[in-house]
1. Rounded to the nearest 0.05, what FRET efficiency do A:Ser124 and A:Glu83 give with R0 = 25 Å and r taken as the Cβ-Cβ distance? Could you check?
2. Per residue Cα convex hull volume for the protein assembly as shown, in cubic angstrom?
3. How much of the DSSP beta bridge set in the protein assembly as shown is antiparallel, as a percent to the nearest 5?
4. To the nearest 10 degrees, how steep is helix B:2-18 against the longest Cα principal axis of chain B, on a 0 to 90 scale?
5. Quickly work out the A:Arg131-to-B:Ala101 label distance, labels modelled 7 Å from Cα along the C-beta direction, and quote it in nm with one decimal.
6. Solvent-accessible area per residue for region A:32-227 at a 1.4 Å probe radius, Å²?
7. Let me spell out the model: positive unit charges on the Cβ of Lys and Arg, negative unit charges on the Cβ of Asp and Glu, origin at the Cα centre of chain B. What dipole size does that give, in debye rounded to 20?
8. Simple spin-label model, 7 Å along Cα-to-Cβ: B:Ala112 to B:Leu156 in nm?
Amino acid sequence: MMSNAELHEQFSNRVKAHPAYKLSSGERVPSVTTITGILNKPALVKWANNLGLRGIDSTKYVDALAVIGTLAHDMILADLSGESVAGIASRADPATRDLAENCYLSFCAWRKQHDIRPISLEQSLVSERYRYGGRADMVAEIDGALELVDFKTGKGIYPEMFYQLAGYAPLLLENGIVDRPIERARILNIPRAETEIFLEKAKSSLRIEWQIFQKCLEIYNLVKEIEK
Amino acid sequence: MTTDIEKTSTDLVIRAKAILVIDQESANTATRFVLAGKDAIKQIKAFFAPMKESAWAAHQEVVQKEKSALAKIEPIVNAVMRNVADWRAEEDRKRLEVEAAAYRTEQLRIMAEAEAKRKADAALLAAEQAEAQGDQKTADKLIEKAAKIEEKAAALAPPAAPIIPPKPVTEGLSMRDNWCFEIEDETILPRRYLIANEVAIGKDVRTSKGQIDIPGVRIFNRPIMVGVGRRN
């Protein structure tokens, strides 16, 4: 069994081990999260400030919660891909495992209410046309509609989360992962602690979010141009 | 009468300060004080009871009058408000439909563009192969084909912004979310949404005279003093 620190390191390594997104020419391109990362996230600033006022170090708090969130995320994706959830859970210490299992059970309760047929799970993709890469959590037929789904663990669902999904959609379309337009984009917020709640939000159009994403990409590229 | 009440109350307050129960004699004094106090409380309640009753009756009468006055207008206003809300909801639905259709068009464009690129790339690859085999004529044709495909793909440039219906305006009236709920199966409700039924606990504790074991509940007796065998 791994300690929290080891688990966090493993997850961090996994994040670092993400293949750099490259075009067929070998040129490296930014990821969706790097691109949307240029946006200021007011909710995060307020949240960190609140933690500070309560005397909690936001970095340590994020680390602890991130381990639970990442483990829960992995358990959900293992379940969807037919892998052993117990095997994933056994990597963590009992306290982390208990909390991550709570998240997983929330997901199971949601899953029970829907007919879910996964098409793609965490597939790394690159757009030659728009020159960026990314990895959407899940594309699936949910209750008959083609959906793009992102699993979040946190306090809420914020508009910028949909900007990220808007970036994933063209990757799936361009690479032929889906053979028809995406009908719905859904974000599921899975609670890690008593203070968080299960939330879901779905949108049938990401038209404006896609425009915002393209502007972010444009700004990102311009900034890189200056930094050259 | 109110002066009498005030005098009695003041007197009781002064007497209470002097009471300290340490032996039988002082306990007798205290008991007499308690009984006198209870009498005073009874008298105060009796004094105010008719006033409270008439005030309550007057309040009820006013409430009734207000209710019948509102009964004429409120349903009409609410019905019109529902009409406005329905119209707004329908307009919002239409707007979202147009938005979804526009997004679908944009996605179809991305798909078509990718498909065109795949075809153009395939044509260029075939042209390279033809050229390598010395078939320049075929290679030229394929290059031309790829150029046409690319030209066609370029024409698929982002469509003009769709005409999204404006958000409905109802000046002075705004819509706010009103999330509601109904419990379908309380056996699966998370613990944090349940509250202890203290009325039922209290009833069972009293009925059993404390001889009941309820997990998570400490049962104890806190005797209270009551007056016995007295006449008004």
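The values are calculated or read from the model by the stated rules, or taken from the named source; none is laboratory data. Note that this is a predicted model, so its numbers are computed, not measured. Note that each Cβ is placed from the backbone with ideal geometry, even for glycine, and that neighbours are counted across all protein chains shown. Heavy atoms of the whole protein, side chains included, go into the accessibility calculation; ligands, DNA and RNA do not. Shrake-Rupley method; radii C 1.70, N 1.55, O 1.52, S 1.80 Å.
1. My answer for the efficiency is 0.90.
2. Spelled out: Cα convex hull of the protein assembly as shown, divided by residues, is 320 Å³.
3. Of those bridges, close to 75 percent are antiparallel.
4. 90
5. 3.5
6. 46
7. Dipole size: approximately 1560 debye.
8. Result: 0.7 nm between the two label points.
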